[in-house]
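Asker: Before we start, here is the structure in question, set down as structure tokens.
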Amino acid sequence: MKCIRTEIIGCGHYLPSKELTNDDLSKMVDTNDEWISTRTGIRSRHIVTEGELTSDMAMHAVEMAMQASKVTAEDLDLVVVATLTPDNTTPSVSAKIAGRLGVKVGTPAFDIGAACSGFVYAMTMVDNMIRLGQIKTAAVIGVESLSKITDWTDRNTCVLFGDGAGAVIVRASDGEGLSTDTGVLATKIYADGTQYENLYTTGGVSATQSPGYIRMNGKEVFKFAVGAMSEACQEVMHQANITAEEVDWLLPHQANVRIIAGVGQKLGVPTEKVIVTVDHHGNTSAASIPLALSESVASGKIKKGDMILIPAMGAGFTWGGMLIRY
Ligand code: ACO
């Protein structure tokens, strides 16, 4: 049956120039490369430079995506940013980006706060708006300056996170309602607010008037992440009537190689089809998926027509899955 699909027509990404290796971290806290790389798979991460803002990274990524898709600011009907580290409490990063890009006055812009699931949440909202015919072309950005809410004296958390941005331009396209269509084939988002204390920041605007630092119960996050991300994948594959064998790439939120490997094993997706960038990006929360997608497209790994399975999980807890034919 004829339908409207949300097609990704261009990707972009940005990483700050400053790199922080595990050896650098071992000079800051009591840790070492061996512990970090065996437990997490992370070897280095990028950190914003002095004065570099979340919106600056988002601009770099979205400009690259617009160039790749040959879309101008005039063409955009919506700007959405997934982040938990905005420049200011208000206005949104997306409004700032819309202004800096010079989109038509009146074009809607909003931020989504769903932590590491933010990009999957954002794409779900945008896909729904496109399928309803409310918009045709949108910029969807995931961006984080997690270094600003990292406690650099806490070895339990400071080794895990990084900064960066990824962006996609999506456009309405015609589909047949089949899994051979190009674009978003299925999405599903979830939350369980009773898990709040397993992953949170120690502050916030109304609580402490400062953003606070990330704290987590690593073991609980680990256990939950593998099960939740795998189930979200099963759900979107079921919706689209797809089996794991038909998936070209598993592109999970990049938190930790052991979580990623656990999800791949549960789904039966072989290692060579699993995209891993956490080794050189660290965990960049809402940025991790579009960053890994854009990097994989730029390197030629992901090609037009590939079936990509995308699970995410983060604070809230929030989680979700998305199936895309690129
Ligand atoms: N360097 C050296 N030792 C450390 C470090 C470090 N950076 N951090 C903790 N340790 C020590 C601990 O103090 C503890 O020492 P002790 O036994 O003397 O008390 C020991 O290492 C073991 O600590 P655990 O917390 O039990 O280590 P675990 O094997 O659980 O690994 C980790 C910790 C890597 C965080 C793991 O729980 C994990 O991967 N959790 C998933 C969490 C995650 O990736 N979160 C990202 C954000 S959420 C998201 O994006 C989905």
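The values are calculated or read from the model by the stated rules, or taken from the named source; none is laboratory data. Everything numeric in this text was worked out from a predicted model, so none of it was measured. Reconstructed Cβ throughout: ideal geometry from the backbone, glycine too, with neighbour counts over all protein chains shown. These accessible areas exclude ligands, DNA and RNA; they are computed on the full protein's heavy atoms, side chains included. Shrake-Rupley method; radii C 1.70, N 1.55, O 1.52, S 1.80 Å.
Asker: Could you list all residues from segment 90-115 that are over 21 Å from the mean Cα position of the chain (by Cα) and of a type in the set (Ser, Thr, Tyr)?
Answerer: THR90, THR107
Asker: A further question on this structure: Could you check how many residues of segment 161-198 are of a type in the set (S, T, N, Q) and under 30 Å from LEU25 (Cα atoms)? Steps first, answer last, please.
Answerer: At the first step, the residues of segment 161-198 found to be of a type in the set (S, T, N, Q) are 173, 179-180, 182, 187, 194-195, 198.
Restricting the remaining residues to those that are under 30 Å from LEU25 (Cα atoms) gives 195, 198.
Adding up the residues that qualify gives 2.
This table checks each residue for (1) in contact with a Ser or Thr (Cβ under 9 Å, 6 or more places away or on another chain); (2) over 27 Å from MET229 (Cα atoms).
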site: GLU52; (1), (2): yes, yes
site: VAL79; (1), (2): yes, no
site: PRO91; (1), (2): no, yes
site: ALA109; (1), (2): yes, yes
site: ALA122; (1), (2): no, no
site: GLY133; (1), (2): no, yes
site: LYS136; (1), (2): no, yes
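Asker: Let me ask something else about it. Taking ILE310 as the residue in question, decide whether it is crowded, with 24+ Cβ neighbours inside 10 Å, within 16 Å of the ligand (Cβ to nearest atom) and of a type in the set (Val, Ile, Thr).
Answerer: Considered against the rule, which asks whether it is crowded, with 24+ Cβ neighbours inside 10 Å, within 16 Å of the ligand (Cβ to nearest atom) and of a type in the set (Val, Ile, Thr), ILE310 comes out as yes.
Asker: Within segment 11-53, which residues are open to solvent by less than 20 Å² (accessible area, probe 1.4 Å) and at positive phi?
Answerer: Within segment 11-53, GLY41 is the sole residue that qualifies.
Asker: Could you tell me which of the residues TYR196, TYR213 is among the hydroxyl-bearing types (Ser, Thr, Tyr), within 16 Å of the ligand (Cβ to nearest atom) and surrounded by 18 or more Cβ atoms within 10 Å (Cβ to Cβ)? Walk me through it before giving the result.
Answerer: Values: TYR196 fails: surrounded by 18 or more Cβ atoms within 10 Å (Cβ to Cβ).
Being among the hydroxyl-bearing types (Ser, Thr, Tyr), within 16 Å of the ligand (Cβ to nearest atom) and surrounded by 18 or more Cβ atoms within 10 Å (Cβ to Cβ) holds for just one of TYR196, TYR213, which is TYR213.
Asker: I've got another one for you. Residue under question is SER230, and the condition is that it be among the polar types (S, T, N, Q), within 21 Å of MET322 (Cα to Cα), more than 12 Å from the ligand (Cβ to nearest atom) and open to solvent by less than 20 Å² (accessible area, probe 1.4 Å); does it hold? Can you show your working first?
Answerer: Numbers: among the polar types (S, T, N, Q): yes; within 21 Å of MET322 (Cα to Cα): yes; more than 12 Å from the ligand (Cβ to nearest atom): yes; open to solvent by less than 20 Å² (accessible area, probe 1.4 Å): yes.
The answer is yes for SER230.
Asker: Also, I was wondering about something else. Before we move on, is ALA186 over 26 Å from VAL48 (Cα atoms), open to solvent by less than 60 Å² (accessible area, probe 1.4 Å) and modelled with pLDDT of 95 or more?
Answerer: In short, yes.
Asker: What pairs can you find where one residue is in segment 270-295 and closer than 16 Å to LEU309 by Cα and in a helix (DSSP H, G or I), the other is open to solvent by 10 Å² or more (accessible area, probe 1.4 Å) and within 13 Å of the ligand (Cβ to nearest atom), and their Cβ atoms are less than 8 Å apart, with a gap of 6+ or different chains?
Answerer: THR271/ALA261; SER288/CYS116; SER288/ALA255
Asker: Based on what the data block shows, is GLY300 touching a Leu at 6+ places or on another chain (Cβ under 6 Å) and more than 15 Å from the ligand (Cβ to nearest atom)? Break it down into steps so the answer makes sense when it comes.
Answerer: Details: touching a Leu at 6+ places or on another chain (Cβ under 6 Å): no; more than 15 Å from the ligand (Cβ to nearest atom): yes.
Judged against the criteria, GLY300 is not a match.
Asker: Quickly run through segment 238-269 and pick out the residues that are out of contact with any strand residue (DSSP E or B) (no Cβ under 6 Å at 6 or more places or on another chain), more than 20 Å from ASN283 (Cα to Cα) and either part of a loop (DSSP other than H, G, I, E, B) or modelled with pLDDT under 95 (or both).
Answerer: Result: ASN241, ILE242, THR243, GLY268.
Asker: How about segment 199-210: which of its residues are assigned to a helix (DSSP H, G or I) and either among the polar types (S, T, N, Q) or within 15 Å of the ligand (Cβ to nearest atom) (or both)? Spell out the reasoning first.
Answerer: Our first condition is that a residue be assigned to a helix (DSSP H, G or I); within segment 199-210, this holds for 205-208.
Once the filter is applied, which keeps residues that are assigned to a helix (DSSP H, G or I) and either among the polar types (S, T, N, Q) or within 15 Å of the ligand (Cβ to nearest atom) (or both), segment 199-210 yields SER206, THR208.
Asker: Tell me, which strands (runs of 3 or more DSSP E) wholly within segment 109-179 include 3 or more residues that are surrounded by 24 or more Cβ atoms within 10 Å (Cβ to Cβ) and of a type in the set (A, V, I, L, M)?
Answerer: 137-145, 163-175
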